[in-house]
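Encoded as structure tokens, the structure appears first; notes follow it.
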Amino acid sequence: MSLPGCLLDSSFLFQPRKPPMLLFDAHLDLAWNAVEWNRNLELPTSEIRLFEKHYTDIVPGDCTVSFPEMQRGNMGLCVATLLPRLHRKDKPLTFYQSRESTYAAGYGQLAYYRAMVRKGVLQDLPTGAAVREHCELWQKFLTGEVTDRPAIGYILSMEGASPILNPQQVDEWYDAGLRIVGPAHYGPNEYCHGTGSVGGLTADGQQLLREMDRVGLLLDATHLADQSFWEALDIFGGPVLASHHNCRSLVPSDRQLTDEQIQALIQRGAVIGAAFDNWMIKPGWVKYVTSPDSVSMNDIVTHIDHICQLAGNANHSGIGTDLDGGFGREQSPGDLDTIADVQRMSELLSQRGYSDADIEKIMWRNYVEFFERNLK
Ligand SMILES: [Zn+2]
């Protein structure tokens, strides 16, 4: 026999609990960290930090990204890059001195991803169907339908196209698993102008974009200098994304997107990933001068909100942390210890008035659906 009062209590108790949120990160330089910084990403970040205490002049600050932390944050899918940086004149020995070296290093980083796939830590997602299946597997895990934790799925990208030795070589890279190319990084290269430089595409750069179109590679517009950005959008007819990019109207500097650029990306169906690098989040933030605590993840919500306001919906915003992009805790929001804390963005978006459906779009759905649609 049940009492009316108990009925009320039990219906409250048996309300289905919301499953944890899946996360998609559109920009991580995992292999660069593993191969060039010699980081064992299978270790907890606490152990990586301890080991690196002895090498503070070599590695960036306290590491925030490793596979256990990505798993703890339910970061089930990501875009993972090949990032062999070509030389910068002020640091001649820190970067590769020839394109052939970057080509070789690109394959070295690719070998790392393949080794992690063989080990079951990572899962390569080269097609839209593979992205959908992997997302469904994660949903089943998060709702308790399956008990084994899935691998972290990744779509292979290249940041800075120097390892593509000539435009026709895109076939070789596509066959190797590459699906996204960001032609630019910092400064000019053989194809285009990147962050901190001014200018358009070279003849080879124009050809590269046509070849990318032909083979089905997606364009990552992040890091393109303004003139190169507009020329690339004119020439390239395929799908475009901006993997780790904030808003110039909030933080002046060419590293951020103007409102006009954001509108153009929205028109093209792009998803723009919010970057978690402090100097791109708050104006005037200077490394080793300004405290990381002066920036919080709530400031990133402001960038996301700006893009959503321009779009009139939440269909074009995502997360592209770049948290392992050559910096650590010293340059990340003060309320973030590791990448697992990116989960807290849901709560912050909710406090800003975003609905559950829109939060889900920003945290993973926009990117998952973008790749489902656009990867052959
Ligand atoms: Zn970058």
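The values are calculated or read from the model by the stated rules, or taken from the named source; none is laboratory data. These numbers were taken from a predicted model, which means no experiment stands behind them. So basically every Cβ, Gly included, is an ideal-geometry build from the backbone, and we count neighbours across all protein chains shown. These area figures cover heavy atoms from the full protein model, side chains too; ligands, DNA and RNA do not enter into them. Shrake-Rupley method; radii C 1.70, N 1.55, O 1.52, S 1.80 Å.
Residues to consider are VAL117, VAL79; find the one that is of a type outside the set (Asp, Glu), modelled with pLDDT of 95 or more and assigned to a helix (DSSP H, G or I). Before you say what the answer is, go through the steps one by one.
On the way: VAL79 fails: assigned to a helix (DSSP H, G or I).
Residue meeting the stated conditions: VAL117.
Residues in the range 347-354: is at least one within 16 Å of the ligand (Cβ to nearest atom), more than 14 Å from the chain's Cα centre (by Cα) and in a loop (DSSP other than H, G, I, E, B)? Working first, answer last.
Step one: of the range 347-354, the residues within 16 Å of the ligand (Cβ to nearest atom) are none.
No, there is no match, as no residue in the range 347-354 is within 16 Å of the ligand (Cβ to nearest atom), more than 14 Å from the chain's Cα centre (by Cα) and in a loop (DSSP other than H, G, I, E, B).
Is there any pair linking a residue in the range 294-305 that is within 9 Å of LYS282 (Cβ to Cβ) to one that is hydrophobic (A, V, I, L, M, F, W, C), with Cβ under 6 Å and at least six apart or on different chains, and which?
From the range 294-305, the pairs are VAL295/ILE281; ASP299/ILE281.
Inspect the range 305-320 for any residue being closer than 22 Å to PRO60 by Cα, in contact with a His (Cβ under 7 Å, 6 or more places away or on another chain) and open to solvent by less than 60 Å² (accessible area, probe 1.4 Å) and give the result as yes or no.
Yes: one or more hits.
Take the residues in the range 154-175 that are part of a loop (DSSP other than H, G, I, E, B) and within 16 Å of the ligand (Cβ to nearest atom); name whichever of them is nearest to GLN71 (Cα to Cα). Before you say what the answer is, go through the steps one by one.
Step one: of the range 154-175, the residues part of a loop (DSSP other than H, G, I, E, B) are 160-166.
Now drop any that are not within 16 Å of the ligand (Cβ to nearest atom), which leaves 160-163.
Values: GLY160: 28, ALA161: 30, SER162: 32, PRO163: 30 Å.
Top of the filtered list is GLY160.
Please work out which residue is modelled with the lowest pLDDT, limiting yourself to the range 1-15 and to residues that are part of a helix (DSSP H, G or I) and open to solvent by 90 Å² or more (accessible area, probe 1.4 Å). If you could, list the steps in order and put the result at the bottom.
Of the range 1-15, the ones part of a helix (DSSP H, G or I) are 4-13.
When the remaining residues are screened for being open to solvent by 90 Å² or more (accessible area, probe 1.4 Å), the result is 4, 7-9, 12-13.
Values: PRO4: 38, LEU7: 42, LEU8: 44, ASP9: 45, PHE12: 48, LEU13: 51.
By that ranking, first place goes to PRO4.
Between a residue in the range 203-223 that is under 12 Å from TYR191 (Cα atoms) and basic (Lys, Arg) and any residue that is at pLDDT below 95 and crowded, with 24+ Cβ neighbours inside 10 Å, which pairs come within a Cβ distance under 7 Å, given they are 6 or more apart or on different chains?
Going by the 7 Å Cβ cut-off, there are no qualifying pairs.
Is at least one residue of the range 283-294 of a type in the set (Phe, Trp, Tyr) and surrounded by 19 or more Cβ atoms within 10 Å (Cβ to Cβ)?
Initially, the range 283-294 is screened for residues of a type in the set (Phe, Trp, Tyr), giving 285, 288.
Retained after the next criterion (residues that are surrounded by 19 or more Cβ atoms within 10 Å (Cβ to Cβ)): 285.
Within the range 283-294 (the criterion being of a type in the set (Phe, Trp, Tyr) and surrounded by 19 or more Cβ atoms within 10 Å (Cβ to Cβ)), the answer is yes, since at least one residue qualifies.
Restricting attention to the range 188-209, which residues are more than 16 Å from the ligand (Cβ to nearest atom) and either on the phi > 0 side of the Ramachandran plot or basic (Lys, Arg) (or both)?
GLY199
Being part of a loop (DSSP other than H, G, I, E, B) and within 16 Å of ALA26 (Cβ to Cβ) is the filter here; which residues of the range 307-344 pass it?
Step one: of the range 307-344, the residues part of a loop (DSSP other than H, G, I, E, B) are 312-316, 320-328, 332-338.
Of everything in the range 307-344, those that are part of a loop (DSSP other than H, G, I, E, B) and within 16 Å of ALA26 (Cβ to Cβ) turn out to be ALA314, ASN315, HIS316, GLY320, THR321, ASP322, LEU323, ASP324, GLY325.
List, please: which pairs have Cβ atoms under 8 Å, are six or more places apart or on different chains, and start with a residue in the range 116-137 that is among the β-branched types (Val, Ile, Thr) and end with one that is assigned to a strand (DSSP E or B)?
VAL117/GLN123; VAL117/ASP124; VAL121/ILE152; VAL131/LEU77; VAL131/GLY153; VAL131/ILE155
With at positive phi, within 19 Å of the chain's Cα centre (by Cα) and within 16 Å of the ligand (Cβ to nearest atom) as the only criterion, which of HIS245, HIS223, HIS185 stands out? So that I can check it myself, show each step before the final result.
Numbers: HIS245 fails: at positive phi; HIS185 fails: at positive phi.
Answer to the check: HIS223.
Could you tell me whether the range 226-235 includes any residue that is in contact with a Phe, Trp or Tyr (Cβ under 8 Å, 6 or more places away or on another chain) and surrounded by 18 or more Cβ atoms within 10 Å (Cβ to Cβ)?
no
Taking into account only those residues within the range 16-61 that are aromatic (Phe, Trp, Tyr) and within 16 Å of the ligand (Cβ to nearest atom), which is least open to solvent (accessible area, probe 1.4 Å)? I'd like the intermediate steps shown before the answer.
If we filter the range 16-61 for residues that are aromatic (Phe, Trp, Tyr), which is where we start, we get 24, 32, 37, 51, 55.
From what's left, within 16 Å of the ligand (Cβ to nearest atom): 32, 37.
On the way: TRP32: 12, TRP37: 63 Å².
Across the range 16-61, the extreme among qualifying residues is TRP32.
Scan ASP324, ASP341 and give me the residue that is among the acidic types (Asp, Glu), closer than 27 Å to THR45 by Cα and open to solvent by 10 Å² or more (accessible area, probe 1.4 Å).
Numbers: ASP324 fails: open to solvent by 10 Å² or more (accessible area, probe 1.4 Å).
Going through ASP324, ASP341 in turn, just one is among the acidic types (Asp, Glu), closer than 27 Å to THR45 by Cα and open to solvent by 10 Å² or more (accessible area, probe 1.4 Å): ASP341.
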